[in-house]
Amino acid sequence: MGPASETELAEMIRGASGPLDLRGGGTRVPWRPRGGAVLSTGGLSGVRLYEPGAMTLVVGAGTPVAEVEAVLAEKGQRLAFEPMDARGLMRTEGAPTIGGVMAANVSGPRRVQVGAARDFLLGVRFVDGTGQVVKNGGRVMKNVTGYDLVKLMAGSFGTLGVLTEVALKVMAVPQAETTLVARGLETGAALAALRAALGTPFDVSGACHIPLGEGTETRLRLEGMAGSVAYRAGRLRESLCAGWEMVGGAESAALWREVRDVTALAGTGEAVWKISTVPGRAAELVAGLADLAPRAVFDWGGGLIWLAVAAEVDAGAAAIRSAVARLGGHATLVRAPDTLRARVPMFQPQAAAVARIAAGLRARFDPRGLLNPGLMAASDEVPA
């Protein structure tokens, strides 16, 4: 079922007698399904306000990302946080929506330069688990709740409320982009080069190391005015070891769509983990998991690891989460067969104090436990 308006959505939630399985564009596989009624936000679409001069956009949460990008492109602007299209990786259909992107805080390769999706979220409207319409931030309402609901909703995966409208900061499309590419670098050397490049004054907007066939590619992106990009790319290449090539224009953009959408790990039956960690520990973390025979895509200079392993037993959950706990970060199981999804928690187990805070927030915004219950916790029980 899908409401055609915010008012109708609020009525549906108030009248719900059991769990609700919230969907945006349906491009991400539901986790630990509870048999609840599917509630789609696809009807809550359309641009409500766009001010190119102020670089702000207000849009319905159910609006397809492609539609948002088309509107912005007409004015030479874009979503700078570069949200991925998960359909290839997740083997799903549908169309990504802007509400789904924000609910999952989907942030692409450019995060190393401009920040995460949540950093571009100015305001939100949503319906909580009691059916109350809540407005917060940006153009809509001063924060009087005691919570920064704009940031709180980004990455909450619909467990605190159903987004109906988002206000966003957008940015101009740069005049030029260039990617420096090195082939065949060993993981440790590649990640060291990425970290060194990110520490230069040359304003790197993408830094990744990916497997390609039997080899690897290490990529560094620079964007901006044409003259500036040419100068910075030349200086950066001089500071690196020999063997880096320059790729520009549409060819460069295509390379970063591959990174954004993790195409190197698409089209297989492996389980896929998304691991956030300390960039300087990324090579060590993956090397310590050699028994799992992993394939890894390193983004954000090593701060983000997409890890593919055999979809057997626990898909390496015990080893991966132990390594992450030891070295720092968190691991999210984003793709796995139904049998694994039914018994392996999607998210890294939380420390007791954090779990109590999270449970308290869910109790405040969704006291009946209707919205994606169990999605962000190993148990639906509120910790003592």
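Across the stretch 241-280, the qualifying residues are those that are on the phi < 0 side of the Ramachandran plot and β-branched (Val, Ile, Thr), and the one among them that is modelled with the lowest pLDDT is 268. Screening 247, 166 for residues that are in the same structural domain as residue 119 (by TED's automatic domain parsing) and not charged (D, E, K, R) leaves exactly one candidate, 166.
Give, as residue ranges, the helices (runs of 4 or more DSSP H) completely inside the stretch 33-108 that count at least 2 residues that are at pLDDT 95 or above. So that I can check it myself, show each step before the final result.
On the way: elements: 65-73, 87-90, 98-103.
Fully inside the stretch 33-108 and qualifying: 65-73, 98-103.
Any residue at all in the stretch 302-310 that's assigned to a loop (DSSP other than H, G, I, E, B), closer than 30 Å to residue 258 by Cβ, modelled with pLDDT of 90 or more and not assigned by TED's automatic domain parsing to the domain that holds residue 208? Yes, the stretch 302-310 contains at least one residue that is assigned to a loop (DSSP other than H, G, I, E, B), closer than 30 Å to residue 258 by Cβ, modelled with pLDDT of 90 or more and not assigned by TED's automatic domain parsing to the domain that holds residue 208. Among residues of the stretch 229-257 that are more than 18 Å from residue 199 (Cβ to Cβ), those with a Cβ under 9 angstrom from a residue that is of a type in the set (D, E, K, R) and in a helix (DSSP H, G or I), sequence gap 6+ or separate chain, pair up as 245/237; 246/237. Contact map, the stretch 278-292: first residue in contact (Cβ under 8 Å) with a residue 40 or more places away in the chain, second residue of a type in the set (Val, Ile, Thr) and outside any helix (DSSP H, G or I), Cβ cut-off under 8 Å, separation 6 or more or different chains; pairs are 282/305; 285/275; 285/277; 285/305; 286/305. Would you be able to say whether some residue in the stretch 34-44 is surrounded by fewer than 19 Cβ atoms within 10 Å (Cβ to Cβ), among the hydroxyl-bearing types (Ser, Thr, Tyr) and within 24 Å of the chain's Cα centre (by Cα)? Yes: the stretch 34-44 contains one or more residues that are surrounded by fewer than 19 Cβ atoms within 10 Å (Cβ to Cβ), among the hydroxyl-bearing types (Ser, Thr, Tyr) and within 24 Å of the chain's Cα centre (by Cα).
Among the residues examined, residue 384 does not qualify as exposed (fewer than 15 other Cβ atoms within 10 Å of the Cβ) and at pLDDT 95 or above.
Kindly state which strands (runs of 3 or more DSSP E) lie completely within the stretch 132-205 and contain at least 2 residues that are more than 29 Å from residue 50 (Cα to Cα), at pLDDT 95 or above and among the hydrophobic types (A, V, I, L, M, F, W, C). Walk me through how you get there before you give the answer.
Values: elements: 133-137, 161-169, 176-183.
Passing ranges, in order: 176-183.
For the stretch 271-288, a residue qualifies if it is surrounded by 19 or more Cβ atoms within 10 Å (Cβ to Cβ) and part of a loop (DSSP other than H, G, I, E, B), and exactly one does: 277.
The values are calculated or read from the model by the stated rules, or taken from the named source; none is laboratory data. None of the values given here were measured: they were computed from a predicted structure. Cβ: placed from backbone, ideal geometry, glycine included. Neighbour counts: every protein chain shown.
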